[in-house]
Amino acid sequence: MFNEIGPVDGVGIEERVAKYTTRSIKKNAKLFGLKLATSMVDLTTLEGKDTPGKVASLCQKALSPHDDPSIPTVAAVCVYPSMVRHARRALGSATPVRIASVATAFPSGQAPLRTRLAEVRAAVGDGADEIDMVINRGAFLAGEFQLVQDEIVAVRETCGPATLKVILEVSELETYDNIRAASFLAMRVLRPNDFIKTSTGKTSLNATLGNNQVMIEAIRDFYLNTGTAIAMKPAGGIRTAKQALQFLVAVKETLGDDWLTNTRYRFGASSLLNDLLRQIEKERTGAYQAPYYFSEAAESY
Amino acid sequence: MTRLPITKTPKVYVGGAFIRSESARTFALPDAAGNFFANIPQCTRKDLRNAVEAAAKAGPGWAKRTAYNRGQIIYRLGEMLEARKADMADALAVGGATKAAAAREITATIDRLIYYAGWADKYEQVLGSVNPVAAPYFNFTVTEPMGIIGLLAPEAAPLLALISLIAPAITSGNTVVALASTTQPYPAIVLGEMLATSDLPGGVVNLLTGYRKELVPTFATHTHLRGLGGVASAAERQTLKLGAADSVKRVKLLKAEEPFDWFAEKAQGLYEVRDHLEFKTTWHPIGA
């Protein structure tokens, strides 16, 4: 498979992404980018200490991030399966905010397949619109690609109408070549507008511009070959509005405007939203804002 | 063999690191004779923003240290200055200070640091209080640092005035972003090098150099600054007060048009510490 999809030029990727941080985005373009990024946030809480109350307030924040009505709602909330029904109760059924749930023994994925599938079934049954699954990294590194792919297919079938996001957990895949291979492995069995996602946010290294670039280039190559558009979600470690804008630059310059929408690109983040709001408010008032004017977010990632 | 002179690139001390302005701009600083001396960073509002972020990071840790420890560290800053008097005298000479004037200013600066180091574990006893109330409550008032303080140093006494503004603010656990004298910024650059070796955690004191008219409006409006102090002209005071009213911060400014003797006894005191404190009064129920 590696021969077929080709290797990744690591140095080239690093050079390319270093340039993304040099773009000067000011005023209207910046405001557009900040609002777009806000609409792409998967507002996330994935902690052992999550409670129904915390999820309810997270949903409230997702629906109205700020007083300013021109600021869009976020794309989705992302919670553990046990919290899906609480999120559904808080959001109601007619809501622009989708409910994403991590499932399949997140974050390790180390549970029997039938347990993982049961978890997916339960989350969808409770009202999840999107399922974030983890791939079997152990099997991938052992070279059992078919097993990894078969499990993705099994989860996809179990999802039903729910959108599937496949977490590659890039920090455990070791190399860019592996990330590209895992991306293709997943994309070949995904439906249009299903996602591939960088990480769980539970390991030391999360979404970087480099990882993101390898994955969106894989999406581009796959799209050009097959015509199937796969969506992308970097997650973990994106905390500032500045970073978010750099990721959007990468998307625009690699995939084009068609991916600058929250059906094709998302940010998995918790504290990012507050910084986006802070910068939007700075653009509106002209005054630098103190972070404590914006509600504290869950600090899990 | 002739040797090329190794000249120092002046950099400002922000967040415990020596940085150039993010704008990469500098302005030429002439020495007392009017010859080119060095290029000084021309800091922008973004540098100010970054300095405030650094101060915000350092703030909680600094405020949480014991008053005794803060006193020790400010005392050590005095020690650092004492040991490097000659460097500082050279820095002051750039601005035209005579040997005697430089020595006098440095001595006064060290004494000022030692003075506030002494106050660190004492101001609370003097400013805090137990208040009589006509109900079964134990009512007491304690002080808390405001947070991040923006300071504008005057043109004169480039070292002494700067320290006279910074020291009382950090004594009580505030962090500081200070704009150095525009005409004599070099002593502040050298002071940064002493701060870096004084056990003061990075980010507690952040020094900027640059033009006041570029930075004063941002000092005024930045909502994360909780207090403003220093010396300002009439126009600057208006800008600062308008901005401070919008972002609800305390302002305590000296008038640039009125002469102020930084060497005087009244240039230091407990009230200078109090200027950057908030008071918290607690009603604590007591049993019968």
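We did not get these values from a lab; they are worked out from the coordinates using the rules stated. Keep in mind that this is a model prediction, so the values were computed, not measured. Here Cβ is always computed from backbone atoms with ideal geometry, including for glycine, and neighbour counts include all displayed protein chains.
Checking the structure you have, find out if any residue of segment B:111-131 is of a type in the set (Val, Ile, Thr) and in contact with a strand residue (DSSP E or B) (Cβ under 7 Å, 6 or more places away or on another chain). The answer is yes; a qualifying residue exists.
How many residues, within segment B:20-41, are without any contact (Cβ under 8 Å) to a residue 24 or more places away in the chain and either under 19 Å from A:Thr240 (Cβ atoms) or more than 14 Å from chain A (Cβ to nearest Cβ) (or both)? Step through it out loud before you land on a result.
Keep residues of segment B:20-41 that are without any contact (Cβ under 8 Å) to a residue 24 or more places away in the chain, which gives B:20, B:24-26, B:28, B:30, B:33-36.
Applying the additional criterion that residues be either under 19 Å from A:Thr240 (Cβ atoms) or more than 14 Å from chain A (Cβ to nearest Cβ) (or both) yields B:20, B:25-26, B:28, B:30, B:33-36.
Total meeting the criteria: 9.
Among the listed residues B:Lys249, B:Lys266, identify the single one that is surrounded by fewer than 24 Cβ atoms within 10 Å (Cβ to Cβ) and of a type in the set (D, E, K, R). If you could, list the steps in order and put the result at the bottom.
Details: B:Lys249 fails: surrounded by fewer than 24 Cβ atoms within 10 Å (Cβ to Cβ).
Answer to the check: B:Lys266.
Take the conditions (1) closer than 30 Å to B:Pro30 by Cα; (2) within 15 Å of the chain's Cα centre (by Cα); (3) in contact (Cβ under 8 Å) with a residue 60 or more places away in the chain; B:Thr197 misses just one of them, which is (2). In summary, A:Arg239 fulfils each of the numbered conditions (1) in a loop (DSSP other than H, G, I, E, B); (2) within 14 Å of another protein chain (Cβ to nearest Cβ); (3) of a type outside the set (A, V, I, L, M); (4) over 20 Å from A:Pro72 (Cα atoms) with the single exception of condition (4).
The residues of segment A:13-46 that are exposed (fewer than 12 other Cβ atoms within 10 Å of the Cβ) and of a type in the set (Gly, Ala, Ser), listed by number, are A:Ala18, A:Ser24.
Checking the condition within 24 Å of A:Arg191 (Cα to Cα) and not in a loop (DSSP other than H, G, I, E, B), which residue from A:Lys282, A:Lys252 passes?
Working: A:Lys282 fails: within 24 Å of A:Arg191 (Cα to Cα).
Only one candidate qualifies: A:Lys252.
The condition of being buried (at least 24 other Cβ atoms within 10 Å of the Cβ), in a loop (DSSP other than H, G, I, E, B) and more than 14 Å from every other protein chain (Cβ to nearest Cβ) holds for only one of B:Pro187, B:Pro158, B:Pro201, that being B:Pro158. The single condition among (1) surrounded by fewer than 24 Cβ atoms within 10 Å (Cβ to Cβ); (2) within 18 Å of B:Val52 (Cα to Cα); (3) of a type in the set (S, T, N, Q) that B:Thr209 does not meet is (1). Only residues that are within 14 Å of chain A (Cβ to nearest Cβ), out of contact with any Gly (no Cβ under 8 Å at 6 or more places or on another chain) and part of a loop (DSSP other than H, G, I, E, B) were counted in segment B:244-265, giving 1. Return the residues of segment B:98-129 that are in contact (Cβ under 8 Å) with a residue 12 or more places away in the chain and among the hydrophobic types (A, V, I, L, M, F, W, C); say none if nothing qualifies. Correct list: B:Ala102, B:Ala103, B:Ile106, B:Ala108, B:Ile110, B:Leu113, B:Ile114, B:Ala117, B:Trp119, B:Ala120, B:Val126, B:Leu127. Inspect all residues belonging to segment A:207-217 and state whether any of them is more than 14 Å from every other protein chain (Cβ to nearest Cβ), closer than 23 Å to A:Cys78 by Cα, buried (at least 24 other Cβ atoms within 10 Å of the Cβ) and hydroxyl-bearing (Ser, Thr, Tyr). For segment A:207-217, residues more than 14 Å from every other protein chain (Cβ to nearest Cβ), closer than 23 Å to A:Cys78 by Cα, buried (at least 24 other Cβ atoms within 10 Å of the Cβ) and hydroxyl-bearing (Ser, Thr, Tyr): absent. On the stretch given as segment A:168-227, residues that are part of a helix (DSSP H, G or I) and under 24 Å from A:Leu245 (Cβ atoms) total 18.
Identify, please: which residue in segment B:42-97 is among the polar types (S, T, N, Q) and either away from every other protein chain (no Cβ under 14 Å) or under 29 Å from B:Glu144 (Cβ atoms) (or both) and is, among those, surrounded by the fewest Cβ atoms within 10 Å (Cβ to Cβ)?
So in segment B:42-97, the residues among the polar types (S, T, N, Q) come out as B:42, B:44, B:50, B:66, B:69, B:72.
This time we only want the ones that are either away from every other protein chain (no Cβ under 14 Å) or under 29 Å from B:Glu144 (Cβ atoms) (or both), so: B:42, B:50, B:66, B:69, B:72.
Working: B:Gln42: 21, B:Asn50: 20, B:Thr66: 10, B:Asn69: 14, B:Gln72: 15.
Filtering first and then ranking leaves B:Thr66.
Note on segment A:62-80: residues that are more than 17 Å from the chain's Cα centre (by Cα), touching a residue at least 12 places away in the same chain (Cβ under 8 Å) and surrounded by fewer than 23 Cβ atoms within 10 Å (Cβ to Cβ) amount to 6. Filter segment B:221-234 down to residues that are more than 9 Å from chain A (Cβ to nearest Cβ) and of a type outside the set (A, V, I, L, M) and give me whichever is farthest from the chain's Cα centre (by Cα). By that ranking, first place goes to B:Ser233. All conditions but one from (1) on the phi < 0 side of the Ramachandran plot; (2) more than 14 Å from chain A (Cβ to nearest Cβ) apply to B:Thr218; the one that does not is (2).
Selection of first residues in segment B:46-57 that are acidic (Asp, Glu) and of second residues that are buried (at least 24 other Cβ atoms within 10 Å of the Cβ), restricted to Cβ pairs under 8 Å at least 6 apart or on distinct chains, gives the following pairs, ordered by first then second residue: B:Asp47/B:Val12; B:Asp47/B:Val14; B:Asp47/B:Pro41; B:Asp47/B:Leu208; B:Asp47/B:Gly210.
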